[in-house]
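A.B. asks: The structure that follows is given in the form of structure tokens.
The values are calculated or read from the model by the stated rules, or taken from the named source; none is laboratory data. Computed from a predicted model, the values in this text were never measured in an experiment. Reconstructed Cβ throughout: ideal geometry from the backbone, glycine too, with neighbour counts over all protein chains shown. Accessible surface areas use protein heavy atoms only, side chains included; no ligands, DNA or RNA. Shrake-Rupley method; radii C 1.70, N 1.55, O 1.52, S 1.80 Å.
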Amino acid sequence: MRLTQHFTSKEMMCPCCSMMGMDREVLDIIEVVRQEYGKPMIINSAYRCEKHNEAIGASPSSSHVLGLALDIRCESSGERYGLLRHLMKHCTRLGIGNGFIHADWDHLNKSSNVVWAYYD
């Protein structure tokens, strides 16, 4: 089932229980980013139930559990640059990992206007 023009419920639901917990505003924003970017975006991780989040060793305070974060596959520096250029217009919390960008809209619980790296 399509949630937006470019994203399906399968991409956004928890992989262990198929629960759909993504915030509607986040879905609308990521669709705008996709349209501006003009290329497919592969979602590695979206909503996670608490059980799945714990099973993969993620932080208990992960914004994925609230449906306020997405990890988007990104495999080259050029792709990373293009995605970041568009994400930074619409997202004020970004994490850069090996092969992905974490986009986060959890402004109630966490600082805004930050970029971090998952690897050193």
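A.B. asks: Students sometimes get this wrong: rank His90, His107, His52 by accessible area, probe 1.4 Å, all chains present, largest first.
C.D. replies: Putting His90, His107, His52 in descending order of accessible area: His107, His90, His52.
A.B. asks: State, to one decimal in nm, how far the label point of Ala55 lies from the label point of Glu79, with both points 7 Å from Cα in the Cβ direction.
C.D. replies: Distance between the two pseudo-spin positions: 2.6 nm.
A.B. asks: Which percent, nearest 5, of DSSP beta bridges in the chain are antiparallel?
C.D. replies: Here the antiparallel bridges make up roughly 75 percent for the chain.
A.B. asks: Something else now. For the chain, what % of the accessible area comes from carbon and sulfur atoms, probe 1.4 Å?
C.D. replies: 52 percent
A.B. asks: Treating cross-link reach as a plain straight distance, find the lysines whose alpha-carbon is under 23 Å from the alpha-carbon of Lys51, omitting any fewer than eight places away in the same chain.
C.D. replies: Within the straight-line cut-off, Lys51 pairs with Lys10, Lys110.
A.B. asks: Probe of 1.4 angstrom, ligands and nucleic acids ignored: what's the accessible area per residue over the range 18-120, in square angstrom?
C.D. replies: Solvent-accessible surface per residue comes out at 55 Å².
A.B. asks: Give, as a single signed number, the net charge of other residues whose beta carbon lies under 12 Å from the beta carbon of His107, with Lys and Arg counted +1 and Asp and Glu -1.
C.D. replies: Around His107, the charge tally is -2.
A.B. asks: Normalising by the residue count of the chain, find the relative contact order in percent from Cα pairs under 8 Å and 6+ residues apart.
C.D. replies: 21 percent
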